[in-house]
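Here's a structure for you.
The values are calculated or read from the model by the stated rules, or taken from the named source; none is laboratory data. Please read all numbers here as calculations on a predicted model, not as lab measurements. Cβ placement follows ideal geometry from the backbone for every residue including glycine, while neighbour counts extend to all protein chains displayed. Side chains are part of the model used for accessible areas, which takes the heavy atoms of the whole protein and leaves out ligands, DNA and RNA. Shrake-Rupley method; radii C 1.70, N 1.55, O 1.52, S 1.80 Å.
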Amino acid sequence: MDEDDALLREDIVATALRMIAVGLNRGTSGNVSARIAGGFLVTPSGLACEATRPEDIVAVAQDGTARGARLPSSEWRFHRDIYAARPEVTAIVHAHSPFATTLACLGRSIPAFHYMIAVGGGNDIRCAPYATFGTQELSDYAVTALEARKACLLANHGMIALGASLAQALALAVEVEALAEQYWRALQIGEPNLLPDAEMAVVLEKFRTYGQH
Ligand SMILES: [Zn+2]
């Protein structure tokens, strides 16, 4: 383990703890990873974040071989496949956060009910179809739902957020959860007005020009 990896391991543990602190995850649900040369580092399977130490973080090679004292998160496949499909992504967080998961349990994508949906990279945040956790099928669905997007929901499961850093991926997950809550609230009293594609194109262009909020 080189020094860079050691720092990254600490950053992964800190990110996982932050996910608990901001209410994105509870107990052992959810996981965090960061790209390294030839693969990625990911949180271990079935270990509570509070009990996870930097040395518990597992190195997984792009061929799926794991190195470490612990087993990698059961969702290591979608982490591997997202890194393979998306060269710009260097960090991934996965959460079973309450509002995103509520919508995911209804199989609902989040449409352009609010302009901030553009943080996900497009005019909606798609919900990937259901498949059993940890399977290649789930990974394939996730990669497809993430096409031209930085976040997606997973039906009857949770959400995934991508970033060019752990801080970015975490910030996006927080934003997606906020959008999911706002959409959920709006649905309680009616059918939200959706922004037209032409307006979302303007917003997406502004996001590209001025950077993230
Ligand atoms: Zn999960």
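Restricting to region 149-169, name every residue that is within 13 Å of the ligand (Cβ to nearest atom) and open to solvent by 70 Å² or more (accessible area, probe 1.4 Å).
If the condition is that a residue be within 13 Å of the ligand (Cβ to nearest atom) and open to solvent by 70 Å² or more (accessible area, probe 1.4 Å), then Asn156 is the only one that fits.
While we're here: For region 130-148, which positions are touching a Leu at 6+ places or on another chain (Cβ under 8 Å) and either open to solvent by 10 Å² or more (accessible area, probe 1.4 Å) or more than 12 Å from the ligand (Cβ to nearest atom) (or both)? Before you say what the answer is, go through the steps one by one.
Filtering region 130-148 down to residues touching a Leu at 6+ places or on another chain (Cβ under 8 Å) leaves 130-132, 138, 141-142, 145-146.
Of everything in region 130-148, those that are touching a Leu at 6+ places or on another chain (Cβ under 8 Å) and either open to solvent by 10 Å² or more (accessible area, probe 1.4 Å) or more than 12 Å from the ligand (Cβ to nearest atom) (or both) turn out to be Tyr130, Thr132, Tyr141, Ala145, Leu146.
Considering region 24-51 alone, what residues qualify as being away from the ligand (no atom under 16 Å from the Cβ) and either among the polar types (S, T, N, Q) or surrounded by 13 or more Cβ atoms within 10 Å (Cβ to Cβ) (or both)? Let's see the steps before the verdict.
Start the filter on region 24-51 by keeping residues that are away from the ligand (no atom under 16 Å from the Cβ), which leaves 34-41, 50-51.
Those that are away from the ligand (no atom under 16 Å from the Cβ) and either among the polar types (S, T, N, Q) or surrounded by 13 or more Cβ atoms within 10 Å (Cβ to Cβ) (or both): Ala34, Arg35, Ile36, Gly39, Phe40, Leu41.
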